[in-house]
1. Picking from B:Ala96, B:Ala136, which residue would you name as being within 14 Å of another protein chain (Cβ to nearest Cβ), small (Gly, Ala, Ser), crowded, with 23+ Cβ neighbours inside 10 Å and in contact (Cβ under 8 Å) with a residue 12 or more places away in the chain?
2. In segment B:692-709, is there at least one residue being under 17 Å from A:Asp238 (Cβ atoms) and assigned to a helix (DSSP H, G or I)?
3. Checking A:Pro147 against (1) closer than 27 Å to A:Arg3 by Cα; (2) within 14 Å of chain B (Cβ to nearest Cβ), which test does it fail?
4. Within segment B:710-724, can you find the residues that are in a loop (DSSP other than H, G, I, E, B) and free of Cβ contacts under 8 Å to residues at least 40 places away in the same chain?
5. Filtering segment A:82-110 down to residues that are acidic (Asp, Glu) and over 16 Å from A:Ala224 (Cα atoms), which residue is most open to solvent (accessible area, probe 1.4 Å)?
6. May I ask you to list the residues in segment A:273-322 that are part of a loop (DSSP other than H, G, I, E, B) and within 11 Å of another protein chain (Cβ to nearest Cβ)?
7. When you go through A:Gly76, A:Gly36, A:Gly65, A:Gly117 one by one, which is the residue that is of a type in the set (Gly, Ala, Ser) and under 22 Å from A:Ala252 (Cα atoms)?
8. Out of the residues in segment B:647-659 meeting the condition of being within 11 Å of chain A (Cβ to nearest Cβ) and within 14 Å of B:Val783 (Cβ to Cβ), tell me which one is most open to solvent (accessible area, probe 1.4 Å).
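The values are calculated or read from the model by the stated rules, or taken from the named source; none is laboratory data. In this text the structure is predicted, and so the values were computed from the model without any measurement. Quick reminder, even Gly has a Cβ in these numbers, built from the backbone with ideal geometry, and neighbours come from all protein chains shown. Note: areas computed on protein heavy atoms with side chains; ligands, DNA, RNA excluded. Shrake-Rupley method; radii C 1.70, N 1.55, O 1.52, S 1.80 Å.
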Amino acid sequence: MSRDMMPHFELYQPDSLENALDLAKRLGRDGWIIAGGYDSLDWFKDRVKRPKALIDLGGIESLKGIRETPEGLEIGALTTLTEIERSPIVREKYGLLADAARRVASPQIRNAATLGGNLCQDARCWYYRYGVNCYRAGGNTCYADTPQGQNREHCLFGASRCVAVSPSDMGTAAVALDARMVVRNSSGERVIPAEEFFIGPAVDITRMTVLEPGDILTAVRFPAEWAGAKFYFEKVSDREAWDFALVSIASAMILENGVIRNVRMACGAVECVPRRLKVVEQTVTGSEPNEELAQLAGKTAVQGATPLNFNHFKIPLMENLVRRAIRAAA
Amino acid sequence: MAYKHIGKDFTPHDVVAKVTGQAKYAEDFRAEGMVFCRLLLSPMPHGRVRNIDASEALKMEGVLGILTADDVPAIPAPNAPILTKEPMFVGEPILAVAAVDETTAQDAIEKIKVDIEPLPFTIDPLQSLFPGGPNARSDGNVGNVGIELQTLKWTAADFARAGEGKLPMGKAVEEWSYGDLDAAFAKAKIVYDETFVTASNSHHSMEPRSCMAYWQNGKCFVHASLQSHTYTIPQIAQYLGIDPQDVVLIAEYCGGGFGSKGSAYPSMAIPALMSKKLGRPVMMRISRAEEYFIGSARNGFQGRIRIGFGADGKVLGVDLFIVQDNAANNGFWDFRGAGEAVSLVYTPTAMRFRAVPVYTNLPSRTAQRGPGQNQMACIVEPLLDRAARELGIDRVEIRLRNAPVTGSPVGGERRPVTSAYVREALEKGAARFNWREKLRENGKRDGSKVIGVAVGQAYHPAGFFGFDGLVRITPDGKLHIHTGVGNLGTFSHSATARIAAEVLKVDWENCIVERGDSRRHLPWNIGQFGSNTSYTMSRTNYVAAMDALTKLKEIAARELGGSPDDYDVDGSRVFQKSNPSRGLGYGEAAQRAIDLGGRYSGHELPQDIHPITRASASALAGTGLIGVAKDTLPGGATAAFAVAFAKVEVDLETGQHRILEFLTVGDCGRVIHPMGLATQLKGGSVQGFGLACLEHIVYDPQNGLPANVGLYQAKPPTYLDVPAEMQWDAVDKPDPTSPLGTKGIGEPPMGAAAAALLCAISQALGGHVFNRTPVLPDMIINVAAGRSQSHKPLQVHTQ
């Protein structure tokens, strides 16, 4: 067993996206894209994941920054969470993003951790992180979903051999904001809705996003449709800092004459992907956000939740957070 | 009486070095030709090493050598070994490899083939006590210091009798009692019979236990992370198989220990033994994750308490049974602290205490701040509140009615405590916190948020006696205070040195605290643990300074005539009381002492001092006026207390809480150093918040794997989890057996804060008592939502 001692690897530090894409193509599965490093370095230190080469995106200026566009807002994947948290334009028009960024990890980590890194981070299931050979690691068992497995942090929905949850606070916010992920590889660019960007174990148990070797997430676009909407973000965790969500909620709501005209809601840490609450959205659209609606929305959100041995508290917690999102609009 | 130093703030000399980064910790040292070593850790919770094939590793360029259990002194079981052939927990060191750098050493470790035969294992003491249950050790399942290593199984009937969710109570291996328990319970108006679990939690020392060692001219130089100093030297010598006089220990700074570095620990022998084998200095840096394996943790309890209250709230009877999770090795005797704490803090008229410490396949335990006492504060304090509620008694009042006073007995031996000012602390705290007024807010609900207002209290012994003091006045007039106590980070090494300065009236600028390095010639002192320094070291520094004072007066009388009683001192001179112009400067007197020789210069020493003090004083002989003495002052069972008051907001929908207001009051005898005391009270409280509501060790019972081997997983409180402002105060009444009235305080603030927080949460939940620590958001959500908890009442190491 090895802990906290990185092996040697090759390190590439391209200064342009084109060079990075060339490297990503050439290295294929041997390459590992690294930004802030807060997901990657632990894997290397414990020698659980051992890429031959790293492609460090840190020197690519074009991947950084927050830009207003005619379609909305575009944030480079290498923008730090601190920059997002403090950006006046983000705070003014997409406050949900600032609120979510502010609850990620700790201030020190947010100074270096990036939007892209947060969105692309791997599962935080402690068994998987420990380095056991579980389904997600290519093995043939799940350690968490057993009669005695310690699965307090695991999923309520979408279990499929793996019961890990989405750890990304920015991902939950991105789904609620209908964000578009800009992905480049050597053959071109594709723009993927946030909801399709994240994938569960039923699609591919070994990864959390659609990204494949050679792909680089370059930016995230937030459509103008949700600019200035009524937002609600709340993350419940054991600690106020440096902790992952037990459950989180992100909602964007547009009200007209006291009635919900349009709404998107997503819940974090209840499924392997940020869980979009479509039925809740449909149920509350056209209604006044009052306590009765909040109760209905909460009940609707947890319909079909299947708890494991140590996480049934997530059902009332999720229900409560959905209620709070509706109440906040009242 | 007006003091020169006592009760006044000062800047301890190590503060500046720490905040400027100049302080050198163990891993900052380098030596000519130094190499690194890394550890191969057991991947499984229990096994027997059948074969080690290191041939591939040893062929690698840059690899210098290997150290296995065969190369190191055997440590008598059940103490933790240096390296093992029978790993008893995941992460136990099996061997070490040295190389030119750490990456090479780790690469080499990956090439070593270790064949381990898996053995039965358990992480649950009750599972081991069940007939036919697994033993964590191949040589037994029960034992501790003072309890023989043995195999003990309870009967199936013991378990069946207890019933679901109640602690079975089979044969105990330690037991004491006093008073008529049956009569006490018969008289009680309320009797609770509660089963409880307190989690084990890691020490989280910021500095991992890195160590560097080398040999020179027959001596072993050890740069280590320790909270104690001379106390550890005989232990280190034993690990290395050498004489204590051949150990040179450099441990000037310590990045936290909280009990886990109070004594020497086996892993620190590895670099020294590797260095001996290779003939080169060896550095072993321990990583954060490794610190969770070979570092340490608090002993967890599965327990049961029957507690009876009279109609007036008086605790009449207590029947306490503790099953302690020892982990793989002896751990600490938290269970004893638990029994003693209950006997003293609640002064029951009758009590029985029974305990079984059981080995499990978990990393070694050592004392953690308030070992046993603080677990019980978390469990009993909410029960006191429950009784107060049922009996209609104010919660401060019920504590006042049960509070110990000076002379109250502690433990089965019923030893009277030297001082106890719990009542004063409660009254002072209640007044300053505006208890009565704040109570009006208790239970107030605003949306999903409910206010809880509560008080908590805790105890720990506060000092020892019988150690040595050593001071020296040099011809330049300076007072050197030699202290071997160590540096846990509390600054009490210097605060207690000021006792000597007080006795000799020396300005602090003219004092030099000699510590942290054997080459500074340190006396035999107990370690810096057990909240003892402010008592123990005040006494040693007092007796040494008194010896120096006597010698100053004798030298003056010899020189200037008259008897020693005719003389007094002012901090720089010893002078004739009747004619103050006749006198000697301290420097002159020191020179006379050197000239006189004998006991004045340290060439003749008292018979009763420890060999380590004798060696140090001998080394200093002839360098000045030597004051040296063993503390033979009357002492007794000391006790420190803290009480805490908290106003907490609990969100019933999220299970989260926020501490809105907090006050802690210490009973630490006379205050020596207010700023140092404040850091102890507040720092201990923060750690208490973690104990109450965050920190716990999680293991998977199916494979013995640990879930939290990183700070983000083990979750000590962050800045945002504690109130921005915390208030503190002290009773400031002297302990009569301490020469200047001082006694310790380090440990109780943690238990008091934990108890206050747990009690406040309980208040916010309408009096719900969890009987479990830590209380996490999911547990609060489940109570608020009327759902059952995920864990079973006796389940341990759950998330």
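1. Every option except B:Ala96 fails the conditions.
2. Scanning segment B:692-709 turns up at least one residue that is under 17 Å from A:Asp238 (Cβ atoms) and assigned to a helix (DSSP H, G or I).
3. (1)
4. Matches in segment B:710-724: B:Lys715, B:Pro717, B:Thr718, B:Ala724.
5. Filtering first and then ranking leaves A:Glu83.
6. A:Pro307, A:Leu308, A:Asn309, A:Phe310, A:Asn311, A:His312, A:Phe313
7. Only one candidate passes the filter, namely A:Gly76.
8. Applying the filter and picking the extreme gives B:His657.
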